[in-house]
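A.B. asks: The structure that follows is given in the form of C-alpha cells.
Throughout, read-outs are computed from the coordinates displayed, never taken from laboratory work. From a predicted model like this one, the values you see are computed outputs, not experimental measurements. Every residue, glycine as well, gets a Cβ built from its backbone with ideal geometry; the counts of neighbours run over all protein chains shown.
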Amino acid sequence: MKHTEWIIDTGQILNTPDDNIIHVLEFNHQNDAEVLSAWAKHLRNHYCSDGDIDDLCAGYGLSRRDYLLQIIFPDSRHPPGPSVRVGDFGEILIADYIEFILNYVVPRIRYSHKLNRNQSPEGVDVIGFQQNEEKPSPNDKLITFEVKCALSANNQLTLKNAVRDSMKDFSLRKSESLNAMYQRLRERGHNDLLLLVQRFQNKIDRPYKEISGAGAIHSTNTFTEEIASNVITTEHPNAENLYLLILKGKDLMQLVHSLYQRAADES
C-alpha cells in the first residue's frame, strides 16, 4: 500500500528506564488524491467489502455513503464515537506497518463483526504471522500488537498502557483471539489462511518465536520524549522479545476524519 511509504524510520531511538529500545517513526502523509483514495478504500474494506455493501445497505434504503456514515463507521461527533474511530484508525495503520514494512501476514477480519460501531472490538489489536517454510519451524514468528493513540489531547501514558495490554495478550488473550480469527476466516471462506492460523495455535507442539508489540500514535503536538520515561517493561512476561514504537505525524486527527469521509464519499 502506497500510504505506508509515508512511514519513515527517523533513526531516533528512545530508551525506557529499564533500557528497552523504543523506535520512533514519522508519518509524513501527503495530499495525494490517488494514494488517499486507495487508502480510503483499504480502510472501508476492513468494515465492509465493496462487493457486499449493496446487499447490506438495501434494507435500510440508504445510499452506500450514508450506510457507512450512519451504520458502520464510528461516529465522528458524539462520544465515544470519535475516540473509537481514532482507535480503529491507529490499529489499522499499525497493521499496515506490520504487514507491508515488517513483512508479516496480517488477516483483516477484526472490524467487520462489530455489533456496536462505537465500541472497540475485543481481543488483541493486531496479530501477524511469519512462516518462511512450508513446514512449521521454531524460527516462525507470531507478533501481537497493542496500540494506543493521543491525536488531539496530551496523554503521556499511551505507550505505558499499550505495554500493559500487551502483557494481557501474552498471558490471556492470544489464544482467544486466534480462535476468533480462525472462526471468522472459516466463515468467510478464506481457506488459504486457516492452516496458517492453525500453525500458531499450539506453541508447545509446534514451537515458534513470539514478538510482543506495543505502539503509541501521536500527533506532533501531543508527542514528547517523556512518553518513554513512563514505560517499565521488566514485568512483561515476554520482555526479551518486546517491540516498542512511537509513530508521530502532523494533524493526524484531521487526517482520520477526512479519510473516513473519503471512504464513505467514494464508496
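A.B. asks: Which of rounded, prolate or oblate describes the chain when judged by the alpha-carbon gyration tensor and an a/c cut-off of 1.5?
C.D. replies: Details: a/c = 1.77, a/b = 1.15, b/c = 1.53.
Note, shape of the chain comes out oblate.
A.B. asks: Please compute the length gained on full extension between Asp66 and Glu5, using 0.36 nm multiplied by the number of residues separating them and subtracting their Cα-Cα distance.
C.D. replies: Details: separation 61, 0.36 × 61 = 21.96 nm, distance 3.08 nm.
Extending this stretch completely gives an extra 18.9 nm.
A.B. asks: Assign one of three labels to the range 160-267, namely rounded, prolate or oblate, based on the Cα gyration tensor with a ≥ b ≥ c the square roots of its eigenvalues; rounded applies when a/c is under 1.5, prolate when it is not and a/b is larger than b/c, and oblate otherwise. The partial results should precede the final answer.
C.D. replies: Numbers: a/c = 3.21, a/b = 1.18, b/c = 2.73.
Taking the square roots of the gyration eigenvalues as a ≥ b ≥ c, the range 160-267 is oblate.
A.B. asks: May I ask you to list the chymotrypsin sites (Phe, Trp or Tyr not before Pro) in the range 17-97 that are in a DSSP loop and have at most 11 other Cβ atoms within 10 Å of their Cβ?
C.D. replies: Tyr60
A.B. asks: Using the alpha-carbon centroid of each, what span in Å lies between the range 39-104 and the range 188-212?
C.D. replies: 26
A.B. asks: If Lys and Arg each add +1 and Asp and Glu each add -1, what is the summed charge of the other residues whose beta carbon sits under 11 Å from the beta carbon of Thr4?
C.D. replies: Numbers: positive: Lys2; negative: Glu5, Asp96, Glu99.
Around Thr4, the surrounding residues sum to -2.
A.B. asks: A further question on this structure: Rank the residues Arg108, Arg44, Arg77 as a footprinting-exposure proxy: fewest other Cβ atoms within 10 Å of their Cβ go first. Each step should come with its number before you reach the end.
C.D. replies: Working: Arg108 16, Arg44 23, Arg77 7.
Ordered by Cβ neighbours within 10 Å, fewest first: Arg77, Arg108, Arg44.
A.B. asks: Can you figure out the FRET efficiency of Arg186 with Asp55, using R₀ = 25 Å and their beta-carbon distance, to the nearest 0.05?
C.D. replies: With R0 = 25 Å, the Cβ-Cβ based efficiency is 0.75.
A.B. asks: For the range 173-246, which GluC sites (Glu not before Pro) pass both filters: DSSP loop (anything but H, G, I, E, B) and at most 11 other C-beta atoms within 10 Å? Mind dumping the intermediate values first?
C.D. replies: Working: sites: Glu176, Glu187, Glu210, Glu225, Glu226, Glu235, Glu240; in loops: Glu225, Glu235.
The qualifying sites are Glu235.
A.B. asks: Further, regarding this structure: Cα centroid distance between the range 1-26 and the range 137-155, in Å?
C.D. replies: Between the Cα centre of the range 1-26 and that of the range 137-155, the gap is 12 Å.
A.B. asks: Would you mind ranking Thr4, Thr144, Thr234 by Cβ crowding within 10 Å, fewest neighbours first?
C.D. replies: Thr234, Thr4, Thr144
A.B. asks: Once amide H atoms are built 1.01 Å from N in the peptide plane, which residues 5 or more positions from Glu146, or in another chain, come under 5 Å H to H?
C.D. replies: Gly213, Ala214, Gly215
A.B. asks: Report, in debye and to the nearest 20, how large the dipole of the chain comes out about its Cα centre when Lys and Arg carry +1 and Asp and Glu carry -1 on their Cβ.
C.D. replies: Charge dipole of the chain: 540 debye, to the nearest 20.
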